[in-house]
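Before any comments, here is the structure.
The values are calculated or read from the model by the stated rules, or taken from the named source; none is laboratory data. The shown structure was predicted, so the numbers you read here are calculated from the model rather than taken from an experiment. Positions of Cβ are backbone-derived with ideal geometry, glycine not excepted, and every protein chain shown enters the neighbour counts. These area figures cover heavy atoms from the full protein model, side chains too; ligands, DNA and RNA do not enter into them. Shrake-Rupley method; radii C 1.70, N 1.55, O 1.52, S 1.80 Å.
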Amino acid sequence: MGKLTNAVYEIHVLDEMAERDTGINQVHPLVKLIVTVVYITCAVSFDKYNLLGLLPFLIYPLILFELAGISIKSCIKKLKVVLPLVCFIGLFNPVFDHTPLFKIGNIIITGGIISMVTLIMKGTYALMASFLLVATTGIEKICYALKLLHLPSIIVTQILLTYRYITVLLSEANAVFQAYSLRAPRENGVKYKIWGSLIGQLLFRSMDRAGNLYDSMLLRGFQGEFYYARSQKGSGSDYVYLFSWLGIFIALRLINITGYLKVFF
Amino acid sequence: MIKMIQHFIECRNISFSYEKFSQVKFSYENGKEVLKDVSFKTDGKEAVGIIGANGVGKSTLLRILVGLELNFTGEVLVEQIPVTKKSLPEIRSKIGYLFQDSDNQLFNQTVYNDVAFGPRNYGLEEEEVEKRVMKALGTMGITHLRDKQIYKMSGGEKKMASIATILAMEPDIILLDEPSIALDPKNRRALINTLNSLDYVKLIASHDLDMILETCDRVILLAEGRIIREGITELILRDKELLEAYGLELPLCLRGYQGRKR
């Protein structure tokens, strides 16, 4: 039951992080969005056996965590729901791919193991980069950036409202499950027999709340399009930030840095 | 020549029932006639209290006035403009509506963004938006909450911020649905003082008869979807027999403390 309260709280904490006044929060949202997309594209484009090529890409999240003053631990904590899924997908690679690649002592490292590790790394990088984007920008500014990219406003509004309604759904679920647990103190979970009526109740309540919120928006002139906070103009430092990261990503993608480093060891 | 408006709101023979298989409302009232032949009008910039027991149609009446329910029969005029689907944008620019539950009113991250939501939708320049937001927050005495995250606010703060969201749109009329609900005495007092200082046409639906007594010039008593009595606040709220006949009681301040009955 407490998990739902925590989930709502975590979303609010994320929103709060985005409202802070750090240097990275001040970077233009479009710049941060482009950097994130290019980073993820470069990271996932590596060959499934190219573990060493992927390693240097860790530099981006590490620097951003430092600049934004966000602890890696808190990020991992928030991603712990999705990370097992990423691991699960890669789990079958060692079963199907037995191509021997190299040996560590007497242990043969197969292609399946390496591809599993690269898959997990790619997933983790993508999740961390997305988390950092949301935590340093906020969903409203991300949507503003998407609008600048001329994404259809109906899609942008859908993204924004979906994000907003997650908290509505979680709050309602929390209220329903709390009411249940208070009257069923000896049970650890919800009895399977009443899952149906509970979910139905949750659906109706969420729809009602969502309807009220939508009414509130309509009454204040909403006509299907969000008008975001003041338009932000790109400054010189935004360009420096953008081109520096793009340069680093392209260099890391094209040059085998770890190969050069091997010379020193 | 400036046109003087005498009746900001005019309802002529309003009847309303929720559709039996409405797609959006899951209400116990489906199919039941909620309002029957309701007619009234406001006179100048007055404050009107709408009172009545639970389920008599107070909230529904307010929802009709802002066009949230349109399948009514009869005629509703807001500043002489009939409430129809076509006229809604114009009507809604003139009316501010306060929801019973502030969590339904506030949906942005911060107070500033929520109060700015309305003015931005009406295409105002950001400078003008900021002016309006600060003015609304100033009127409600909550400028210090400007950048506060809404989820961190108390019920009283949320209510004040909710009223600020409607004031920022600079309406002529404000409709308030149970504004004092869930407020502690201090916040309730602040709300009453604020309502009395606002120079708008006000329609306040509430069970809090003490608040109605302190804020409204006139009262409309609803029961079973009909207007039972309409008149000067003090006259109606002092009528013990009338109030008790329709599921209400005298306001606390008029009752006097008679000790706990055992």
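Can you list residues whose amide H is under 5 Å from A:Leu101's amide H, if they're 5+ apart or on another chain and H is modeled 1.01 Å from N?
Under 5 Å from the amide H of A:Leu101 lie the amide H atoms of A:Ile109, A:Thr110, A:Gly111, each far enough along the sequence or on another chain.
If I build a Gaussian network model for chain A, linking alpha-carbon pairs within less than 10 angstrom, which residue out of A:Asn93, A:Asn188, A:Asn174 has the largest mean-square fluctuation?
Maximum fluctuation in the GNM of chain A, among the listed residues, is at A:Asn188.
Can you run phi through the Karplus equation (6.51, -1.76, 1.60; θ = phi - 60°) for the stretch B:132-148 and list ³J(HN,Hα) in whole Hz, with x for Gly and Pro?
Using θ = phi - 60°, the values come out as 5, 4, 5, 5, 5, 5, x, 4, 8, x, 10, 4, 5, 8, 2, 9, 6 Hz.
Tell me which lysines have Cα within less than 21 Å of A:Lys73's Cα, excluding those fewer than 8 residues away on the same chain?
Candidates past the 8-residue exclusion: A:Lys3, A:Lys122.
Under a straight-distance cross-link criterion of Cα-Cα below 14 Å, which aspartates and glutamates are reachable from A:Lys78, leaving out those fewer than 8 residues away in the same chain?
Within the straight-line cut-off, A:Lys78 pairs with A:Glu10, A:Asp15.
Using a 1.4 Å probe, what is the accessible area per residue for the stretch A:139-229, in Å²?
Working: 5180 Å² over 91 residues.
Computed with neighbouring chains in place, this is 57 Å² per residue.
Given Cα pairs under 8 Å that are at least 6 residues apart, what percent is the relative contact order of chain B? If you can, show how the numbers build up before the last one.
Working: 469 pairs, mean separation 62.2, N = 262.
Once normalised by length, the contact order is 24 percent.
For A:Leu133, what is the net charge nearby, where nearby means another residue's Cβ is under 12 Å from its Cβ and Lys, Arg count +1, Asp, Glu -1? Write down the numbers at each step before the final one.
Details: positive: A:Lys32, A:Lys141; negative: none.
That works out to +2.
Using Cα atoms only, what is the angle between the long axis of helix A:111-137 and the major principal axis of chain A, expressed in degrees (0 to 90) to the nearest 10?
Result, in degrees: 50.
Could you work out the per residue convex hull volume over the alpha carbons of the protein assembly as shown, in cubic angstrom? Could the numbers behind the result be given before it?
On the way: hull volume 115.5 nm³, N = 527.
Hull volume normalised by residue count: 219 Å³.
What percent do you get for the relative contact order of the stretch A:97-205 when only Cα pairs under 8 Å and 6+ apart count?
On the way: 41 pairs, mean separation 14.0, N = 109.
Contact order relative to length: 13 percent.
Output wanted: per-residue J couplings in Hz (rounded whole) for the stretch B:240-246, from phi through Karplus 6.51 cos²θ - 1.76 cosθ + 1.60, θ = phi - 60°, x for Gly and Pro.
Once rounded to whole Hz, the list reads 4, 4, 4, 5, 5, 5, 10.
As an exercise, use a Förster radius of 56 Å and the Cβ-Cβ distance of A:His150 and B:Leu252 to find the FRET efficiency, rounded to the nearest 0.05.
Values: r = 60 Å, r/R0 = 1.07.
In this case the efficiency is close to 0.40.
Could you calculate, for chain B, the ratio of the Cα radius of gyration to the Kirkwood radius, expressed as Rg to Rh?
On the way: Rg = 18.7 Å, Rh = 19.3 Å.
A ratio of 0.97.
Suppose we keep just the alpha-carbon trace of the stretch A:139-229; what are its Rg and Dmax in angstrom?
17.5, 54
Per DSSP H run of n ≥ 4, the term is -39500 (n - 2.57); total these for chain A, divide by its residue number, and report the mean residue ellipticity at 222 nm rounded to 500 deg cm²/dmol.
Values: 14 runs with 189 residues, N = 265.
Calculated at 222 nm, the ellipticity per residue is -23000 deg cm²/dmol.
With all protein chains present, how much of the accessible area of chain A (probe radius 1.4 Å) comes from carbon and sulfur, to the nearest whole percent? If you can, show how the numbers build up before the last one.
Values: 10200 of 14890 Å².
Exposed carbon and sulfur together represent 68 percent of the surface.
For the stretch B:104-133 and the stretch B:204-262, what is the separation of their C-alpha centers, rounded to whole Å?
Each part's Cα centre sits 36 Å from the other's.
Got a sec? Charge dipole of the protein assembly as shown, +1 on Cβ for Lys and Arg, -1 for Asp and Glu; which of A:Asn6, A:Cys87, B:Ile150 is way out at the positive end?
Of the listed residues, the answer is A:Cys87.
Would you rank B:Phe107, A:Phe96 by solvent-accessible area, highest first, keeping every protein chain in place and using a 1.4 Å probe?
Working: B:Phe107 25, A:Phe96 165 Å².
Greatest to least solvent exposure: A:Phe96, B:Phe107.
Taking a quarter of the surface of the convex hull around the Cα atoms of chain A, what do you get in nm²?
Directional mean of the projected Cα hull area for chain A stands at 20.0 nm².
Order the following by accessible area, largest value first: A:Lys233, A:Lys77. Probe radius 1.4 Å; ligands, DNA and RNA are ignored. Don't skip to the end; give the middle numbers.
Working: A:Lys233 180, A:Lys77 125 Å².
The ranking, largest first, comes out as A:Lys233, A:Lys77.
Suppose each label sits 7 Å from its Cα in the direction of the beta carbon; what would the B:Ile181-A:Tyr49 distance come out to in nanometres?
Placing both labels 7 Å beyond Cα along the Cβ direction yields 6.7 nm.
Amide H to amide H, which residues 5 or more places from B:Ala223 or on other chains are under 5 Å from it, using H placed in the peptide plane?
Correct list: B:Ile228.
On a 0 to 90 degree scale, rounded to 10, what angle separates helix A:236-254 from the longest Cα axis of chain A?
The angle comes out at about 50 degrees.
Calculate one ³J(HN,Hα) per residue across the stretch B:159-176 by plugging θ = phi - 60° into the Karplus curve 6.51 cos²θ - 1.76 cosθ + 1.60, and present them in order as whole Hz with x for glycine and proline.
Each residue of the stretch B:159-176 in turn: 5, 4, 5, 4, 5, 4, 4, 7, 5, 5, 8, 6, x, 9, 10, 10, 10, 10 Hz.
Could I have the simple spin-label model distance between A:Asp21 and A:Leu254, label points 7 Å from Cα toward Cβ, reported in nm to one decimal?
A separation of 4.1 nm, rounded to one decimal place.
B:Ser154 accessible area, nearest 10 Å², 1.4 Å probe?
In the full protein context, B:Ser154 sits at about 60 Å².
For B:83-90, what's the mean count of beta carbons from other chains sitting within 10 Å of each residue's beta carbon? Working shown, then result.
Details: counts 0, 0, 0, 0, 0, 2, 3, 0.
Whole-number average of other-chain Cβ neighbours for B:83-90 is 1.
How much accessible surface area, in Å² rounded to 10, belongs to the heavy atoms of B:Tyr97 with a 1.4 Å probe?
That residue has around 10 Å² of solvent-accessible surface.
If R0 is 41 Å, what FRET efficiency do you get for B:Glu75 and A:Ile159 from their C-beta distance, rounded to 0.05? If you can, show how the numbers build up before the last one.
On the way: r = 41 Å, r/R0 = 1.00.
With R0 = 41 Å, the Cβ-Cβ based efficiency is 0.50.
So, counting K/R as plus one and D/E as minus one, what does the shell of residues with Cβ under 13 Å around B:Leu183 add up to?
Numbers: positive: B:Lys158, B:Lys159, B:Lys186, B:Arg188, B:Arg189; negative: B:Asp101, B:Glu157, B:Glu178, B:Asp184, B:Asp208, B:Asp210.
Combined, the nearby Lys, Arg, Asp and Glu give -1.
Using Cα centres only, tell me the gap between the stretch A:158-196 and the stretch A:89-135 in whole Å.
36
Under the definition of partner shielding as Cβ atoms of other protein chains within 10 Å of a residue Cβ, what is the mean value for peptide B:104-113?
Values: counts 10, 7, 2, 10, 3, 9, 5, 0, 1, 4.
Taking all residues of B:104-113 together, the mean is 5.
Using modelled backbone amide H atoms (1.01 Å from N, in-plane), which distant-in-sequence or interchain residues come within less than 5 Å of B:Glu69's amide H?
Those lying under 5 Å, H to H, from B:Glu69 are B:Ile64.
Rounded to the nearest 0.05, what FRET efficiency is calculated for B:Lys32 and B:Glu241 with R0 set to 30 Å and r the Cβ-Cβ distance? The partial results should precede the final answer.
Working: r = 28 Å, r/R0 = 0.92.
That gives a FRET efficiency of 0.60.
Let me spell out the model: positive unit charges on the Cβ of Lys and Arg, negative unit charges on the Cβ of Asp and Glu, origin at the Cα centre of the stretch B:115-262. What dipole size does that give, in debye rounded to 20? Present the calculation step by step, with values, prior to reporting the outcome.
Numbers: 22 positive and 24 negative charges, 155 e Å.
The calculated dipole for the stretch B:115-262 is roughly 740 debye.
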